[in-house]
Amino acid sequence: VFGVVARLSHQKGIDLIADITPEIVRLGGQLILTGSGDADYVQWLKDLQARHPKHVFINAAFSEDFARHILAAADFLLMPSRFEPCGLSQMMAQWYGALPLVTRTGGLADTVKDFRESPEGDGIFIEDFSARGLSKAVAAAVALYGDAQAHGGVRHTAMVKDHTWGPSIDRYIELYRSLL
């Protein structure tokens, strides 16, 4: 299950998600999305739901409760943002055990480590901002899901990750001391 909790806007890469939805369905995945925003994106996604009713569901009105249900039920969170100053969804997804597929930008690059690049990996980077790049990340997610032991290990790493201010404060103190 691939979840999306986002404002339906150009910034959030909703066009890429809509473009690759048939690929997700072909790979046996399901897509569940909640968010509000651009009417054209809402219609595009509703059309995809009508074409793939057993694999695609859109709730085109944001609900925090429904968003949390998606994060708790999803295996992966799609977050192909064009820019993202911070982002909270990827951190919430990790806490619930849904691995984020994110672009290497802003706060997403600061809060996610690709499991293919690091033993402390807790997500997947979308290397090329395109439908092809997102498809490759989805394929990597499906392959990871197929290896229950590896998937469980990456999920565990994501779920125990400390997103509190403690580690950041420690790094700031270390930086200040090094400057003195």
- Selection count, region 1-30, where residues are farther than 15 Å from Ser81 by Cα and in contact with a Gly (Cβ under 8 Å, 6 or more places away or on another chain): 2
- Here, strands (runs of 3 or more DSSP E) confined to region 54-123 with at least 1 residues that are closer than 16 Å to Val160 by Cβ, open to solvent by less than 10 Å² (accessible area, probe 1.4 Å) and modelled with pLDDT of 95 or more are 99-103
- Message: Can you say whether Arg51 is within 22 Å of Val112 (Cα to Cα), open to solvent by 10 Å² or more (accessible area, probe 1.4 Å) and either out of contact with any helix residue (DSSP H, G or I) (no Cβ under 7 Å at 6 or more places or on another chain) or of a type in the set (D, E, K, R) (or both), as far as the supplied structure shows?
- Response: no
- Item | Subset tally (residues that are in contact with a helix residue (DSSP H, G or I) (Cβ under 8 Å, 6 or more places away or on another chain) and either open to solvent by 70 Å² or more (accessible area, probe 1.4 Å) or hydroxyl-bearing (Ser, Thr, Tyr) (or both)) for region 131-162 | 3
- In region 26-44, what residues are open to solvent by less than 40 Å² (accessible area, probe 1.4 Å) and farther than 19 Å from Ile126 by Cβ? Thr34, Val42
- All conditions in (1) over 25 Å from Ala158 (Cβ atoms); (2) at pLDDT 95 or above are true of Glu23 except (1)
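The values are calculated or read from the model by the stated rules, or taken from the named source; none is laboratory data. Being a predicted model, the structure only gives us computed values, none of them experimental. A quick note on method: Cβ atoms are made from the backbone with ideal geometry, for glycine too, and the neighbour counts reach across all protein chains shown. Quick note on the areas: whole protein, heavy atoms, side chains included, nothing else; ligands and nucleic acids left out. Shrake-Rupley method; radii C 1.70, N 1.55, O 1.52, S 1.80 Å.
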